[in-house]
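Laboratory data are not the source of any read-out in this text; all were calculated from the coordinates shown. All of these numbers come straight from a predicted model, not from anything done at the bench. With ideal geometry, Cβ positions are generated from the backbone for all residues, glycine too; neighbour counts draw on all protein chains shown.
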Amino acid sequence: MWIVILLVFAGGFYLVLRKRDASATAAKSPRGGVGPVSLVTATAKQGDIGVYLDSIGTVTPVYTASITSQVNGIVTAVHYKEGQLVRKGDPLIDIDARTYEASLLQAQGTLERDTNLLAQSKMDLQRYHDAWDRNAIPKQTLDDQEKLVLQQQGTIKFDQGVVRFDQIQVDYCHIVSPITGRVGLRLVDPGNVVQSSGGLTLAVVTQIQPITVIFTVPEDNLAQVQQRLHKNAKLTADAYDRSALKHLATGTLLTLDNQIDTTTGTVKARASFDNKDSILFPNEFVNVRLLVDTHRGATLIPSSTIQHNGQTAFVYVIQDNVAHMRVIQPVVTDAGVTEVTGIAPGDVLANSSFDKLQDNAKVVVSSKPGPGNNAGSAAP
């Protein structure tokens, strides 16, 4: 009796489980009782897409001049203002030059005296030549006078060197900007004593326009970049802020370094930027996008339409309200758009409801994503 009752209960429980499994299967199957899958589509288009290399870089001035004193003395004037834009040759700092001017004056006097002595010796030499022609003096006297003239010529060269040296010392007392750029904060004040051997920096001038960015290129992409450079192509480099969201400036690649860093497997590259608005600041950290090449006439689709099954990439092509799974090969991705092979421009692709789609499933195209969709529509 109890055995019969248990068998009845077991049979009823089994029927309930089968009914629930059938209901779940019907809910999952697009051809079950729920009808076609509602989705949003995107259309494959033909266009151009850039091949970019993304890297991090540092804004590096072409020239940075750290000015130190070449003479000893007291600072008498500071002509620049902090942060001022100066041109090459603009005065920056004056050092008391009176001692060096006095030495220059002495050297000029010595040069003038020796110059006149040389002139007198040359006059005597001419007289000795005339006397020698008349056999009025011995040959030794003429030879001695010739050597005396040569000695005084050497003295003149020595005096000229002293004058030039003293003139340079005087010029060192009036420091001017060696380059065009922006001067930094004031480092000395009038009355400060500076030494030629002290190593004290008096001012720092940094070139702002143009400016460069040094970044790295992976050695795996080196051949691709070099091939373009050998064709004299101008590769565009875009600089972005630290978050890689705000575009700062656009420049061109100048050159690559001559060695690969074996610790990182990268090679340094330098790009130049006009920086007319001075938005790039020296030593600033930036993100760089280098445009290596441009693929023209490519088939472009939104990256959100691509699905993956292991190493295989595929899309759902919509034809006559039926989804057909199509295996594709992604090539290049940029800004949410991917170049692919395996489909043609004009193909309509599913862009949502991937959790409900399968091959040969019936679909209904919606104008906007419905509940449960995991991607919105996009267009290249």
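Some points to look at:
- Cβ charges +1 (Lys, Arg) and -1 (Asp, Glu), total dipole of the chain, debye: 2000 debye
- Among 295-303, 100-108, the order from most to least packed when residues are scored by Cβ within 10 Å on average: 295-303, 100-108
- Summing charges over neighbours of residue 328, with a neighbour being any other residue whose Cβ is under 14 Å away from its Cβ, gives -1 when K and R count +1 and D and E count -1.
- Environment charge at residue 260 (Cβ cut-off 13 Å; Lys +1, Arg +1, Asp -1, Glu -1): -3
- Cβ-based charge dipole, the chain, positive-most Cα from 267, 158, 236: 236
- In sequence order, the stretch 157-163 has phi-based couplings of 4, 4, 4, 5, x, 5, 5 Hz under the Karplus curve 6.51 cos²θ - 1.76 cosθ + 1.60, θ = phi - 60°, and Gly or Pro positions carry x.
- The antiparallel fraction among DSSP beta bridges confined to the chain stands at about 95%.
- On the beta carbon distance between residue 222 and residue 322, with R0 = 51 Å, the FRET formula returns roughly 0.60.
- Listed peptides 61-73, 186-198, 129-141, 37-49 appear in the order 37-49, 61-73, 186-198, 129-141 once ranked by packing, highest mean of other Cβ atoms within 10 Å at the front.
- Gap separating the Cα centres of the stretch 207-241 and the stretch 90-155, nearest whole Å: 60 Å
- Calculated FRET value between residue 272 and residue 105, using beta carbons and R₀ = 45 Å, to 0.05: 0.40
- The stretch 72-204 - convex hull of the alpha-carbon atoms, volume per residue in Å³: 119 Å³
- For the chain, the relative contact order is 28 percent, taking Cα pairs closer than 8 Å that sit 6 or more residues apart in sequence and dividing their mean separation by the residue count.
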